[in-house]
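Below is one structure, written out as structure tokens; comments come after it.
The values are calculated or read from the model by the stated rules, or taken from the named source; none is laboratory data. Just so we're clear, the structure is a prediction, and the values are computed from it rather than from any experiment. Cβ atoms come from the backbone with ideal geometry, glycine included; neighbour counts cover every protein chain shown.
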Amino acid sequence: MSVQAQSLPKMQDKSESGLLSWLMTVDHKRIGIMYLVTAFLFFLVGGTEALLMRLQLAQPNGKVLTPDQYNQIFTMHGTTMIFLVVMPLAAGFGNYFVPLLIGARDMAFPKLNALSYWTYLFAGIFMYSSFVFGGAPNDGWFSYAPLTEKLYSPTHGMDFWAMGILLLGIATTIGSINFIVTIIQLRAPGMTINRMPMFVWTTFVTSFLAVFSLPSLTTAVVLLLLDRQLGAHFYNVAQGGTALLWQHLFWFFGHPEVYILILPAMGMVSEIIPVFSGKPLFGYMAVAYSAVAIGFLGFTVWAHHMFATGMPATSLLFFSADSFLIGVPTGVKIFAWMGTMWKGKLRFSSAMLFAIGFVALFLIGGLDGVHMAVVPVDWQITDTYYVVAHIHYVLFGGAIFGIFGAIYYWFPKITGHRLQEGIGKWHFWIMFIGMNLVFMPMHFLGIAGMPRRIYTYGDGLGWGIWNFVETIGAFAIAISVLVFLVNFFVSMRKPATHESDPWDGYTLEWTTSSPPPAYNFAEIPSVRSRRPVWDQKHPEMADWKVGE
Amino acid sequence: MSLILYYPWNWYPSVVIGFGLWTLAYLLLIGPLRLRFGWGKLPAPGQQIAFHFGTLIALFALVSPLDTLGDEYLFSAHMVQHLLLLFITAPLWLLGIPGWSFDLLLPRKQIVKLARMLTNPLVSFFIFAFVMIVWHLPALYNLALEHEGLHIFEHLTYLAAAVIGWWPIAAPDTCIAPKPTPPVRMLYIFLLTIPCTGLAAILTFAKVPFYPFYITAPRILGLSTLADQQLGGLLMWLPTHLVLLSALSLTFFGWFSSLKNNTGNHHPASQLP
Amino acid sequence: MNALTSPAHNHKVMTARIALLTALGTESVFFLTLIVAYIALRNQFNWPMEHTLSRLAFPLANSAVLILSALTAWRAQASISLGDQTGLKSWLLVTLLLGLFFVAGQVFDFTNAGLRINDQAFGGVFFTLMGFHALHVLAGVVILAMNSLRARLGDFTAEKHIAIEIGTYFWYYVTAVWIILFAALFLV
């Protein structure tokens, strides 16, 4: 029996094209596309910033950038990649696919959804306008006080940063509330919480993380703005403030933030690997539970970013232990993905390659993290390139690889075209090799003592050769991105195939046309298991019959 | 651990007799009275063990050397005592008391209203957080250490607030005050960590000792007042989170098992025509 | 929600409530982190408590205004649940006016506090906490105003008044936050 779970939103006439229809749209699919395109453009910008940094660092005593320029570039690189690329890419896929995956017609609040996107776009442009208004933010993406006080950062860069962050916080909070309500209220009949696709689970947990952690960042940034603009003294020690307050407030947000960055990609990978292994996700309950446990524990470990600030000795012990603990649920997921592939009928499509790449690279990054949870180790390598290696293995090898996997996986659904598999494989391998060339040597550099955020380094330290290799790797990554763009344009020029189910998938999005109609489903489907489309295609072997 | 040997056990008559009566009441409830009036089923052995274990822990917390340590020397020891009451005893008692015993109060409409109000997750959250925070304000904390009567009152309010606070999570199924659904319970558990983390963080990261009583108390174990306070904060941090994580996990897995046997009729969209 | 309303309507009510609860959750963490900042700073130096204690009278009176407005908000919602349109309109108006009065009182208090935001950390904390609260009250006033307008247009019935519910709960929230802030800043 069909059910309409909510009143039909204002429909987008398919023949409506043109700029105005896109500007006024409240259709989650169009908003999703806008997020993806905007975020990808920012990815190119952030990547260019990275290339500039790598050029500067390729040799000792580099002269490509001045110190101040370098500071602005690395600050914007970090800020862009985290707030303007990874989070919006996840939001874009979430927007497009969560309603489809749960069998709904749109998000719970379509107009708010549009507001989120436009706020994000405005915030990004606003932040970047700082380059022409006296200089971009230049105190690092986590902007420690008191460096960020007016006294030490007199240009307006940090104000742009702070206000941009506030706007982005608003966009993300609204978006998260939208996801939470949508997932609770608009699931198709029969889709109990233990039958939701894992990407929906991770979006759900991510949204809660965002809702509860972003306010801390808001407070931190508001207090900074008050200090800078109205002469308040929150972070000014001389007048009764405390600089450490910034770190606590920031990292109380900052640690859940890293899970906000990785969980969606984990969800994407949890969709891709089962399909290309021909098996359901192994250990679904454990994977769902580990997402919840990560969400829970994520709020308790923030002080492990502050081991070197002179914390009381016993607290070092506790936070170290807690940080080890949080590695466990992540490990569970890795085993689940491996278990899914074990004895499966593996198809190494581009999407699958990126998903497997995710697992391998994220594992390395995760192990880095476990190293750093050991306090004496952290004391040696904090603020060195070891941390940079860690961040990039989990965020690039992790989140970005996962997202590229999702791009290859869901591209046919969004556009009706297939990305070329051959070019896709070139993309993957060049990116994989490039990525390791850039970030593996950073481990050695970190242990050798190279600090992060320095605009150059001296001769004779032995750092030059690794930095040079890393720069080569960076350009390899850049080439791989170009390869991807070539793939995109070539694929779009070929005639559309409009296949609704190109991969023999399991979940509801594969029942619609490609691209889906504005209303998504003519009849809201009913589900009886985690793989409703598999059930449809193989009624004798349906999951609910077999007892999945 | 060897401290146990150095410091005395204080078998306070009020505590011993009080818990003795409490246990007796429980045994009567599930034993002769239950059989006489046909009130309901005997609680499972695990439940009974939970109840008695909760009582034993409370007894231990209040009469063992831990009590002396906390009342005279160490903030961290005092913290352990309170944590045992709030995070071990209270939930264990709730797990052990059979639901039908609460439902005996159903005929009393006013009590039903009161019970429903107190166990509403928003209300119980605030009661738990409020009581916990208020007793940590330096002035009140100190006062309780100096006046035995107030100290007893403090412990009683802790126990009461904890039982109320744990109700939405650990209470038995009753008609008088039903628990919220599992997902709401999980959210509630997560939210409980917030006042705990807040308080714990303040205690751990403070640069000055807060409680005059412990500033003037004799130093033992080589712990300075500040280090003692930090340790107290950390005990409030990780152990409580582990207890809450366990509660979260149990709720999650219980929820999933109940869904496995479900045909999908218990969620919003399927209730529409 | 009652037996007369359709499941579709109940669904809408539930959706609105979940959204509000989540939004209030996020705001609560915001106020909490502000209070944490306050506590962290309070440890730093000699906190000028005399400053606030000596001027308790006015904020106390203003608190009464706000608490009163929470009661009138309750009456407004109770009225429409019984279908009393006049009651709804009147109580909404009273609540709105009390809310504005509160904000005006806050502004008056701020300007006469003899304190500036850059007067050491205390000034910053005081104005930030009070200021953000007042902003939330203003947001509540805006919601009440919109509801008043819609009430006049006859938008609400005994069965359908989601916006009134949302507005009322938000108003309760703002009052509860005030009580906590008041206690934290003036009494502790």
#### Entry: Residue that is surrounded by the most Cβ atoms within 10 Å (Cβ to Cβ) [pool: residues in the range A:250-290 that are under 17 Å from A:MET338 (Cα atoms) and among the charged types (D, E, K, R)]
A:GLU271
### Query
Going by the conditions given, is B:ALA50 under 21 Å from B:ALA200 (Cβ atoms) and in contact with a Leu (Cβ under 6 Å, 6 or more places away or on another chain)?
no
### Residue identified as small (Gly, Ala, Ser) and touching a His at 6+ places or on another chain (Cβ under 6 Å) among C:ALA163, C:ALA121
C:ALA121
### Task
Identify, by number, the condition in (1) over 16 Å from A:PHE411 (Cβ atoms); (2) part of a helix (DSSP H, G or I) that A:TRP510 doesn't meet.
(1)
### Summary
Subset of the range A:165-192, residues without any contact (Cβ under 8 Å) to a residue 60 or more places away in the chain, out of contact with any His (no Cβ under 7 Å at 6 or more places or on another chain) and either within 14 Å of chain B (Cβ to nearest Cβ) or not hydrophobic (A, V, I, L, M, F, W, C) (or both), comes to A:GLY169, A:THR173, A:SER176, A:ILE180, A:ILE184
### Task
Could you check how many residues of the range A:526-543 are part of a loop (DSSP other than H, G, I, E, B) and within 11 Å of A:THR507 (Cα to Cα)?
4
### Query
With respect to B:PRO168, is the statement that it is within 14 Å of chain C (Cβ to nearest Cβ), touching a Phe, Trp or Tyr at 6+ places or on another chain (Cβ under 7 Å) and within 27 Å of B:MET79 (Cβ to Cβ) true?
no
### Task
Taking the residues in the range A:269-313 that are more than 10 Å from chain B (Cβ to nearest Cβ), touching a residue at least 60 places away in the same chain (Cβ under 8 Å) and outside any helix (DSSP H, G or I) as candidates, determine which candidate is farthest from A:ILE326 (Cα to Cα).
A:GLY278
### Query
Which ones in the range B:171-195 are more than 14 Å from every other protein chain (Cβ to nearest Cβ) and out of contact with any helix residue (DSSP H, G or I) (no Cβ under 7 Å at 6 or more places or on another chain)?
B:PRO178
### Task
Consider only pairs whose beta carbons are under 6 Å apart and that are at least six residues apart or on different chains; among these, list those whose first residue lies in the range B:69-80 and is closer than 14 Å to B:ALA144 by Cβ and whose second residue is modelled with pLDDT of 90 or more and of a type in the set (S, T, N, Q).
B:GLY70/B:GLN81; B:PHE75/B:GLN229
#### Entry: Filter result (in contact (Cβ under 8 Å) with a residue 40 or more places away in the chain and either within 8 Å of chain C (Cβ to nearest Cβ) or surrounded by fewer than 24 Cβ atoms within 10 Å (Cβ to Cβ) (or both)) within the range A:223-233
A:LEU225, A:ASP227, A:ARG228, A:GLN229
### Task
Report yes if some residue within the range B:206-218 is in a helix (DSSP H, G or I) and at the interface with chain A (Cβ under 10 Å from one of its Cβ atoms); otherwise report no.
no
### Task
Kindly indicate whether A:LEU316 is out of contact with any Leu (no Cβ under 7 Å at 6 or more places or on another chain), at pLDDT 90 or above, within 11 Å of chain B (Cβ to nearest Cβ) and assigned to a helix (DSSP H, G or I).
yes
#### Entry: Tally of residues being crowded, with 23+ Cβ neighbours inside 10 Å and in contact with a Pro (Cβ under 8 Å, 6 or more places away or on another chain) across the range A:375-388
1
### Message
Please pick out the residue among A:VAL469, A:VAL438 that is under 23 Å from A:HIS390 (Cα atoms), crowded, with 18+ Cβ neighbours inside 10 Å and either in contact with a strand residue (DSSP E or B) (Cβ under 7 Å, 6 or more places away or on another chain) or not charged (D, E, K, R) (or both).
### Response
A:VAL438
### Message
For the range A:238-248, check the following and say yes or no: at least one residue is under 18 Å from A:THR148 (Cα atoms), outside any helix (DSSP H, G or I) and either touching an Asp or Glu at 6+ places or on another chain (Cβ under 9 Å) or away from chain C (no Cβ under 11 Å) (or both).
### Response
yes
#### Entry: Check on A:PHE204, touching a residue at least 12 places away in the same chain (Cβ under 8 Å), within 12 Å of another protein chain (Cβ to nearest Cβ) and of a type in the set (Phe, Trp, Tyr)
yes
#### Entry: Residues that are surrounded by 21 or more Cβ atoms within 10 Å (Cβ to Cβ) and either in contact with a strand residue (DSSP E or B) (Cβ under 6 Å, 6 or more places away or on another chain) or assigned to a helix (DSSP H, G or I) (or both), drawn from the range B:71-83
B:PHE75, B:SER76, B:ALA77, B:HIS78, B:MET79, B:GLN81, B:HIS82
### Task
Restrict the check to the range C:122-140 and report whether at least one residue is touching a Pro at 6+ places or on another chain (Cβ under 8 Å), buried (at least 17 other Cβ atoms within 10 Å of the Cβ) and either over 30 Å from A:ALA238 (Cβ atoms) or touching a residue at least 12 places away in the same chain (Cβ under 8 Å) (or both).
yes
### Query
On the given criteria, is A:TYR128 touching a Lys or Arg at 6+ places or on another chain (Cβ under 6 Å), in contact (Cβ under 8 Å) with a residue 40 or more places away in the chain and not in a loop (DSSP other than H, G, I, E, B)?
no
### Task
Determine whether the range A:340-354 contains at least one residue that is in a loop (DSSP other than H, G, I, E, B), hydroxyl-bearing (Ser, Thr, Tyr) and more than 25 Å from B:TRP237 (Cβ to Cβ).
yes
### Task
Check the range B:159-169 and report whether any residue there is within 18 Å of B:ILE57 (Cα to Cα), in contact with a His (Cβ under 7 Å, 6 or more places away or on another chain) and modelled with pLDDT of 90 or more.
no
### Message
Being on the phi > 0 side of the Ramachandran plot and in contact (Cβ under 8 Å) with a residue 12 or more places away in the chain: is that true of A:ASP368 here?
### Response
no
